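What follows is calculated from the coordinates using simple rules that are stated; it is not laboratory data. Just so you know, these numbers come straight off a predicted model, no measurement behind them. Neighbour counts run over all protein chains shown; Cβ positions are idealised from the backbone, glycine included.
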Amino acid sequence: MNPQAPLHPETRDDLRQETTHTRVYSLSMTTRLLPRITLITALLIPALMPHEAQAWGQPHLAITKAALDTLPSWQKDLLGPEFKDLSAKHCLIPDNVYTDKENAKYAAMESSPGEVYLQKLHLPQAEQTVNRESLRYFMEKAVTSFKAGKVNEAARYMGTICHVLEDFGSPSHTIPGDNQFTLLQQFMPSTTVMEGKLLHGPIENGDFTVSIEGYQPRLLGTSIEEASWRLLHRVHEGIINARSTTLPIIQALYAGDDQAKLTQQLKAATKDAQIVADAMHTILCLGADKFDAEARKACDRASISTFWPIEAVHLYYPQSHFFSSPYWGHACSDAVMEGGAKKLPIKLRVADAEEKTFTEGIGTGMGKALTFHLPKSVYKRFIVLAGLQSGIGAKGRVEFTLLGDGKPLGSAIVNGGDPAHAFECDVSTVSLLQLNAVNRGLDPKSNYAVWAEPVLRK
Ligand SMILES: [Zn+2]
């Protein structure tokens, strides 16, 4: 969970930061470091890391171990001796690229030649495509290595993926562009011992174990293209979950409440472990070309109702996405916000004039496009019902349009009293799917547009 690249790793300060900050090196790692640092600094190390020397508390190791423990035995056997090393050291490879030169190549990307420390493997980037490519690249490397019988290499690439997933889901990596929380501290100043301190390390450091015993890892896809796409959306859940822990952790730090801090850290770590378990399970299924029939079948359908569109850069809607109606054009997952104040379940009139409530869907305002990346050649059809929310949308009139890579896939004008329009489009060659809803009536305040059950099918 390294907050920034150690730009000058030869200097004593950076080495001290490495040891005091987020990391607990295994004994062998500390030993390897010793020749590179001065005797004085070496003597300081034990004093600087009094409790962190208990390696079980190191978050990466603890989260990876919890994830791997849930894998079926055939997958543990497939990893062999690497099973232990994956949670004991491989998951730290991207943080140790300057010191562990032998393994640095397992955290390098051909698309970033000459870059040893890749910040994008530690901090989520604004562009979904960049984050997805990081996941896809290392997933492919791991699967290809497995297929070539190189389990030791596969495990190292898997370690890099663990690290990325864990860093993205860390409470310290949640605020875009402010991973030391200097801006946040202007909003939330401390009057305690934390005043003026950089908060990255204090927020995520700790000694804890994680357990997700009983968790069933999910298959994320039957191809690398599909699995990396679904993994990205799982990671988004991890980022949002981690964000919900950041402020409570800072409040706990200010109050000196270790227990409250730990509770929140475990909330983030538990979700991260589940996501890492899904990723590791899927890579091993792909590597062995072995899939559970039911899990494979479940992959035939993907609902995008809770997915973040690319307009929500960094997973929040920027200012440019507002100034519309109703409710400023704000899109909501699985709900409609009446007047921006009351959350309603999605309800539409369907073809036979019946009203139906939907648990999956997107409520949205006018003229604010929602665009989603699709994996290449994975899904054949996109199916969705478009209409106006029953009751509050009765006086509205909206044109719904679907675009695939900028070209129309379908369009329909729906009045408030009409049954919802059923779209079914061919998306087999589409990489960007866009959902548009535009005012075509006299009462834009009633245009509570809904995309119900937006589903991709193979
Ligand atoms: Zn890191």
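Across the chain, Cα-Cα pairs farther apart than 28 Å form 55% of the total. Model label sites at T144 and K445, defined 7 Å from Cα along the beta-carbon direction, differ in position by 5.9 nm.
For segment 137-143, backbone phi angles converted through the Karplus equation (6.51, -1.76, 1.60; θ = phi - 60°) give residue-by-residue couplings of 4, 6, 5, 5, 4, 5, 5 Hz, Gly and Pro being listed as x. From least to most packed, judged by other beta carbons within 10 angstrom and beginning with the fewest, V143, V384 follow the order V143, V384. Each residue of segment 218-235 is assigned a 3J(HN,Hα), and the resulting list reads 9, 7, 9, x, 10, 9, 5, 4, 5, 5, 5, 5, 5, 5, 4, 6, 5, 4 Hz, derived from the Karplus form 6.51 cos²θ - 1.76 cosθ + 1.60 (θ = phi - 60°), x at Gly and Pro. Taking θ as phi - 60° and the Karplus parameters 6.51, -1.76 and 1.60, the scalar couplings of segment 59-75 work out to x, 4, 5, 5, 5, 4, 4, 4, 5, 5, 4, 8, 5, x, 4, 5, 6 Hz in sequence order, x denoting glycine and proline. Each of the peptides 74-81, 187-194, 359-366, 150-157 was scored by the mean count of other Cβ atoms within 10 Å over its residues; in descending order, highest first, they stand as 359-366, 150-157, 74-81, 187-194. Taking label positions 7 Å along the Cα-Cβ direction at both E115 and A298, the computed distance is 3.4 nm, reported to one decimal.
Could you tell me the relative contact order of the chain? Use alpha-carbon pairs under 8 Å, at least six residues apart, and round to a whole percent.
13 percent
Applying 1/(1 + (r/R0)^6) with r as the Cβ-Cβ distance of Y215 and L184 and R0 = 25 angstrom yields a FRET efficiency of 0.20.
Listing T160, T222, T245 from fewest to most neighbouring C-beta atoms within 10 Å gives T222, T245, T160. For K343 and T371, a Förster radius of 25 Å and the Cβ-Cβ distance give a FRET efficiency of 0.55, rounded to the nearest 0.05.
In terms of its C-alpha gyration tensor, segment 350-431 has a prolate overall shape, because the principal axis ratio a/c (a ≥ b ≥ c, square roots of the eigenvalues) is not below 1.5 and a/b outweighs b/c. Between T306 and T191, full extension at 0.36 nm per residue minus the direct alpha carbon distance yields a gain of 37.5 nm.
In this simple spin-label approximation, K407 and D257 carry label points 7 Å from Cα along the Cα→Cβ vector, and these lie 5.7 nm apart. Estimated from the Cβ-Cβ distance and a Förster radius of 25 angstrom, the FRET efficiency linking T357 and A422 is about 0.90. Placing a label point 7 Å from the Cα of L432 along the Cα-to-Cβ line, the residues of segment 361-396 whose backbone N sits under 16 Å from it are 368-376.
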